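Undergrad: Just passing along the structure, written as structure tokens.
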Amino acid sequence: MACNGIGRKAFWEAIAEGRSGIRQIDRFDASTMPCRIGGQLWDFTPDDFMKKNIVRTWGRHVHQAIAAARLAIEDSEFEKAKYSPERVATGIGTSVGDPDEGFVPGYQAYLSGGYKRIPRLSSSKFSGHSATANVSIEMGFKGPAITITSGCATGLDTLEWGAEQIRRGKSDAAIVGATECPIFELSFAAGCALGILSKRNDEPAKAMRPFDKYRDGIVLSECAIVVTLEREDFARARGAQMLAAYKGYGAASEAYSPMALDPEGKGLARAISIALKDACMTPSDIDHIQAHGASLEMYDNSEVNSYKRALGDTVYRIPVSAAKSMTGQPYSVGGLVGVAAGVQTLNNGRLAPTVNLDEAAPGCDLDFVPNKSRINDVAAVLVNAMSFGGTHSSVVLGRIA
């Protein structure tokens, strides 16, 4: 679920057409802030996916997670597999969760009348683990369950956790993903204070501009993406529609700065090299890259340099797409936006464009598939996620043979 499409098919159609979901926000009054735009889940109605008591009790990031899990399970016809609930793992990551609907009301109640005024479930409501807990309960899965929070790398890290449960024989399948709901006042105010949010309020759809000379910051967005992972032999046996093969994973830290990234891109380059080794591949095996594409000069430059360092001259023949140019920045879900876009490419050969790339920034001299989608023969996709503090992750996905 992204701001430009709810469900796999709607999302694929939107990114193939280069359609942005970024608009003027209406969640709160942002008229006094430099940034007044964002990627809300405009067409999402929680009541369509869960009981009203769940909607009343839990925050929006939980609603998004449950809905995304239901969409993934229905799309994959997962229930036909008849897996034992004890053999299905659940992992839903998040970075900021939704404190506006959990912590803030509880704190205001405390200030007005002490602890006795606080709603009983307040501590659970703003817990980062609330999404994983509710998904496992709603779906009835009783295997291992975890919540991972590693900034923008969260989605890819959770994907690897699920794959590892299957590799080690602890689970037969995994439901994994991430959910983020950063459209609230403090989140926007903090982003404005840091100076990272775009001020292109009059042209919302053109605000997210990764690798473009005239980028001026990120655009925050809501998003939740959940995928189903299964052993290949089990999936084939039940006649499942397999969209991609999970080939490899790598992660690395820069140990450079809490706020700045290594301009040479050495951290992400190591993550890429580890992922390629894990997949038993070389740079020449990669046909497409789904970029982090943060639309910030420091991030974009470091990312481009990491590709040149890890992939060498091969990178100049590999098309690179930044799907977040259409969805905005959903923090923990960002890597899974790239996974969803990459899976589309593996299945229909259509490369998602990097929209709003009118003039490449200095040093950003790769093939970023500017503004229009393109048809390519793609058998392997590299997906990357870069997090603050220089903690980065990469995964390799392959076409089903």
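The values are calculated or read from the model by the stated rules, or taken from the named source; none is laboratory data. All values reported here derive from a predicted model rather than from experimental measurement. Ideal geometry is used to build each Cβ from the backbone, glycine not excepted, and the neighbour counts take in all protein chains shown. Each accessible area value is taken on the protein alone, full model and side chains, heavy atoms only, with ligands, DNA and RNA left out. Shrake-Rupley method; radii C 1.70, N 1.55, O 1.52, S 1.80 Å.
Undergrad: What is the one condition in (1) loosely packed, with under 15 Cβ neighbours inside 10 Å; (2) touching a strand residue (DSSP E or B) at 6+ places or on another chain (Cβ under 7 Å); (3) within 16 Å of MET208 (Cβ to Cβ) that GLU13 does not satisfy?
TA: Single failed check for GLU13: (3).
Undergrad: So is LEU336 under 27 Å from ARG167 (Cα atoms), out of contact with any Gly (no Cβ under 7 Å at 6 or more places or on another chain) and not hydroxyl-bearing (Ser, Thr, Tyr) or not?
TA: It is false that LEU336 is under 27 Å from ARG167 (Cα atoms), out of contact with any Gly (no Cβ under 7 Å at 6 or more places or on another chain) and not hydroxyl-bearing (Ser, Thr, Tyr).
Undergrad: Search segment 25-40 for residues being part of a loop (DSSP other than H, G, I, E, B) and under 20 Å from GLY195 (Cβ atoms), and hand back the single one that is most open to solvent (accessible area, probe 1.4 Å).
TA: Among those residues, the one meeting the criterion is THR32.
Undergrad: Take the residues of segment 361-374 that are out of contact with any strand residue (DSSP E or B) (no Cβ under 7 Å at 6 or more places or on another chain) and open to solvent by 10 Å² or more (accessible area, probe 1.4 Å): which is nearest to PRO263 (Cα to Cα)?
TA: Looking at the filtered set, the residue picked out is GLY363.
Undergrad: Take the residues in segment 293-319 that are more than 12 Å from ASN384 (Cα to Cα), β-branched (Val, Ile, Thr) and part of a helix (DSSP H, G or I), then tell me which one is nearest to the chain's Cα centre (by Cα).
TA: The selected residue is VAL315.
Undergrad: Could you list all residues from segment 337-385 that are farther than 17 Å from ARG209 by Cβ and in a strand (DSSP E or B)?
TA: Selection gives ARG350, LEU351, ARG374, ILE375, ALA380, VAL381, LEU382, VAL383, ASN384, ALA385.
Undergrad: Consider PRO353 carefully, then state whether it is free of Cβ contacts under 8 Å to residues at least 24 places away in the same chain and either closer than 20 Å to ASN4 by Cβ or in contact with a helix residue (DSSP H, G or I) (Cβ under 6 Å, 6 or more places away or on another chain) (or both). Please lay out each step first, then the result.
TA: Details: free of Cβ contacts under 8 Å to residues at least 24 places away in the same chain: no; either closer than 20 Å to ASN4 by Cβ or in contact with a helix residue (DSSP H, G or I) (Cβ under 6 Å, 6 or more places away or on another chain) (or both): yes.
So PRO353 fails the test.
Undergrad: Please tell me if LYS247 is farther than 30 Å from LEU194 by Cα, charged (D, E, K, R) and open to solvent by 70 Å² or more (accessible area, probe 1.4 Å).
TA: yes
Undergrad: Right, here's the next one. TRP58 passes all but one of (1) surrounded by fewer than 24 Cβ atoms within 10 Å (Cβ to Cβ); (2) more than 27 Å from GLN344 (Cα to Cα); (3) not aliphatic (A, V, I, L, M); which number fails?
TA: That leaves (1) as the condition not met.
Residues checked against (1) in contact with a Gly (Cβ under 8 Å, 6 or more places away or on another chain); (2) under 11 Å from SER394 (Cβ atoms); (3) open to solvent by 40 Å² or more (accessible area, probe 1.4 Å):
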| site | (1), (2), (3) |
| --- | --- |
| GLU264 | no, no, yes |
| ILE272 | yes, yes, no |
| CYS280 | yes, no, yes |
| ASP287 | no, no, no |
| LEU296 | yes, no, no |
| ASN305 | yes, no, yes |
| LYS308 | yes, no, yes |
| GLY312 | no, no, no |
| ARG317 | no, no, yes |
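Undergrad: Within segment 375-385, can you find the residues that are surrounded by fewer than 16 Cβ atoms within 10 Å (Cβ to Cβ) and of a type in the set (S, T, N, Q)?
TA: Answer for segment 375-385, where residues must be surrounded by fewer than 16 Cβ atoms within 10 Å (Cβ to Cβ) and of a type in the set (S, T, N, Q): just ASN376.
Undergrad: Would you say SER325 is modelled with pLDDT of 95 or more, in a helix (DSSP H, G or I), touching a Pro at 6+ places or on another chain (Cβ under 6 Å) and surrounded by 24 or more Cβ atoms within 10 Å (Cβ to Cβ)?
TA: Against the criterion (modelled with pLDDT of 95 or more, in a helix (DSSP H, G or I), touching a Pro at 6+ places or on another chain (Cβ under 6 Å) and surrounded by 24 or more Cβ atoms within 10 Å (Cβ to Cβ)), SER325 qualifies.
Undergrad: Quick check on this structure: which one of SER150, SER130, SER171 is under 16 Å from GLY59 (Cα atoms) and among the small types (Gly, Ala, Ser)?
TA: SER130
Undergrad: Enumerate the helices (runs of 4 or more DSSP H) found wholly within segment 87-199, keeping only those where 2 or more residues are among the polar types (S, T, N, Q) and open to solvent by 20 Å² or more (accessible area, probe 1.4 Å).
TA: Counting at least 2 such residues, we get 103-113, 122-125.
Undergrad: Quick check on segment 218-235: of everything there that is in a loop (DSSP other than H, G, I, E, B) and crowded, with 24+ Cβ neighbours inside 10 Å, which residue is nearest to the chain's Cα centre (by Cα)?
TA: Of everything passing the filter in segment 218-235, GLU222 is nearest to the chain's Cα centre (by Cα).
Undergrad: Next question. Evaluate the following for GLU86: is it under 22 Å from the mean Cα position of the chain (by Cα), acidic (Asp, Glu) and modelled with pLDDT of 95 or more?
TA: Numbers: under 22 Å from the mean Cα position of the chain (by Cα): no; acidic (Asp, Glu): yes; modelled with pLDDT of 95 or more: yes.
No: the conditions fail for GLU86.
Undergrad: Name the residues in segment 21-41 that are within 22 Å of GLY177 (Cβ to Cβ) and among the small types (Gly, Ala, Ser), would you?
TA: GLY21, GLY38, GLY39
Undergrad: Considering only segment 386-401, state which residues are in contact with a Gly (Cβ under 7 Å, 6 or more places away or on another chain), open to solvent by 30 Å² or more (accessible area, probe 1.4 Å) and outside any strand (DSSP E or B).
TA: Residue satisfying the conditions is PHE388 alone.
Undergrad: Within the set of pairs 6+ apart or on separate chains, which have a first residue in segment 254-265 that is of a type in the set (Ser, Thr, Tyr), a second that is not in a loop (DSSP other than H, G, I, E, B), and C-beta atoms under 9 Å apart?
TA: Qualifying pairs under 9 Å: TYR256/LYS266; TYR256/GLY267.
Undergrad: Counting only residues that are open to solvent by 70 Å² or more (accessible area, probe 1.4 Å), without any contact (Cβ under 8 Å) to a residue 40 or more places away in the chain and either under 15 Å from ILE137 (Cα atoms) or not in a loop (DSSP other than H, G, I, E, B) (or both), how many does segment 61-86 have?
TA: Counting residues in segment 61-86 that are open to solvent by 70 Å² or more (accessible area, probe 1.4 Å), without any contact (Cβ under 8 Å) to a residue 40 or more places away in the chain and either under 15 Å from ILE137 (Cα atoms) or not in a loop (DSSP other than H, G, I, E, B) (or both) gives 2.
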